[in-house]
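Notes follow the structure.
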Ligand code: FES
Ligand SMILES: [Fe+2]
């Protein structure tokens, strides 16, 4: 009987720590996997190999050869398939063994023996569907609306932090830190340092927003689930950034492993024509490094927190968004663990 | 594992002296609260920050040049 590797039944804690399954997650910038390239990456605690076929299609496979488990990422790119470096077994983008050169006609040929994840490219990033099991059909992926909007111009900023993914997402659901952590910054020096918040439901998630201030600092965030989990938020620019109003961020955070996170920030602005061009010029020339300095403030804070920082908290009203998010993820992790145990 | 931390991801080299000077001047005019195209062109000209050919900016020459710079 042919065997296909899959990780054992994960507990709810393991799922919560390494990322929820049965959804799309951003994996890496598209530019990381050029045509003809092979790239090894860890995501959701597992090793994957990505490659781009000569026709431009990106593929993502478990990084284990079906023969004896060698890393396919050490192998050779053959246009539409990878040849394992160890004994030459060839595997295509669906995970099917195409050829066993050492033993032609071997019965492994034609069998799908490697896990392959469905992938899509959105806004210059590769997204993949991480099913709970190999058979689950992907849910449709609805592209975050700012990234699908013709009137919006964006840049992807990608980085990695030594912090659990939940800290990164909770940080985005916590607008109040803008007025404190980012008080010394080009964009978040203004506004009140106290606020009341409210949760406003939507059909795809919820808003967490200040009730007393909007358009002055980091004053609201929307959390959405549209096949992929993402946030949208808005922060004002100073007058020096020119016409076009505030900039927005579409943010995603993908677990690499339980202590490390991939961060995807699409910084965008509603600008067209010369206003778009001038913003893009300024972004490249002066603004990008200011944005980066702000992101480093978040990074330093989250990396400085103990991995169990959330074990003895004393929360207040500003943390309602965080609480809501945790409950949702926690409950879902329990459900997924149950489904795995029953399978 | 080394983490990916690259502050500048949208260009490969440093901005040229011309690009730096132009960006600083644009931010200067915008900082005055002047956000119209006409005002920007006028502001750049009166700051003495001219087009690469040494000519004063017009709305047309500026939009052409900034489209080039913005799309690189
Ligand atoms: S382990 Fe890959 S071909 Fe043998
Ligand atoms: Fe922040």
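Each stretch of four or more DSSP H residues adds -39500 (n - 2.57); spread over every residue of the protein assembly as shown, this sum gives -8000 deg cm²/dmol at 222 nm. The gain in end-to-end length when the residue A:109 to residue A:323 segment is fully stretched comes to 72.0 nm, 0.36 nm per residue minus the alpha carbon separation. To the nearest ten degrees, helix A:288-304 and the longest principal axis of the Cα atoms of chain A are 80 degrees apart.
Given a cut-off of under 8 Å on Cα pairs at least six residues apart, what relative contact order in percent is computed for segment A:167-300? Relative CO of segment A:167-300 lands at 18 percent.
Taking other C-beta atoms within 10 angstrom as a stand-in for reagent exposure, A:31, B:2 fall in the order B:2, A:31, fewest first. Per residue, the convex hull spanned by the alpha carbons of segment A:1-145 comes to 114 Å³. A Förster distance of 25 Å, applied to the separation of the beta-carbon atoms of residue B:10 and residue B:68, puts the FRET efficiency at 0.95.
The residue A:331 and residue A:301 beta-carbon pair, evaluated with R₀ = 41 Å, returns a calculated FRET efficiency of approximately 0.90. Annotation for residue A:42 and residue A:120: the two label points, set 7 Å from Cα along the Cα-Cβ direction, are 2.9 nm apart. Stretched out straight at 0.36 nm per residue, the stretch from residue A:34 to residue A:3 would grow longer than its current Cα-Cα span by 8.1 nm.
In whole angstrom, chain A maps to an equivalent ellipsoid with semi-axes of 39, 24, 16, each derived as √(5λ) from the alpha carbon gyration tensor and ordered largest first. Each label was represented as a point 7 Å from its Cα along the Cα-to-Cβ direction; for residue A:55 and residue B:59 these points are 4.9 nm apart.
Each part gets one Cα centre, and for segment A:70-113 versus segment A:317-343 those centres are 38 Å apart. Among B:18, A:51, sorting on how many other beta-carbon atoms sit within 10 Å of each Cβ, with the fewest leading, yields B:18, A:51. Between residue B:21 and residue A:202, the simple spin-label model (points 7 angstrom out along Cα→Cβ) gives 4.5 nm.
Length gained on full extension, residue A:76 to residue A:194: 36.7 nm, using 0.36 nm per residue less the C-alpha separation. What's the FRET efficiency of residue A:312 with residue A:162 using the Cβ-Cβ distance as r and R₀ = 25 Å, to the nearest 0.05? Taking R0 as 25 Å, the efficiency between residue A:312 and residue A:162 is 0.70. Residue-normalised convex hull volume from the C-alpha trace of chain B: 111 Å³ per residue.
Every number in this text was worked out from the coordinates using simple rules, so none of it is lab data. Remember, it's a predicted structure, so these values are computed and weren't measured experimentally. Here the Cβ is made from the backbone with ideal geometry for all residues, glycine too, and neighbour counts use every protein chain on show.
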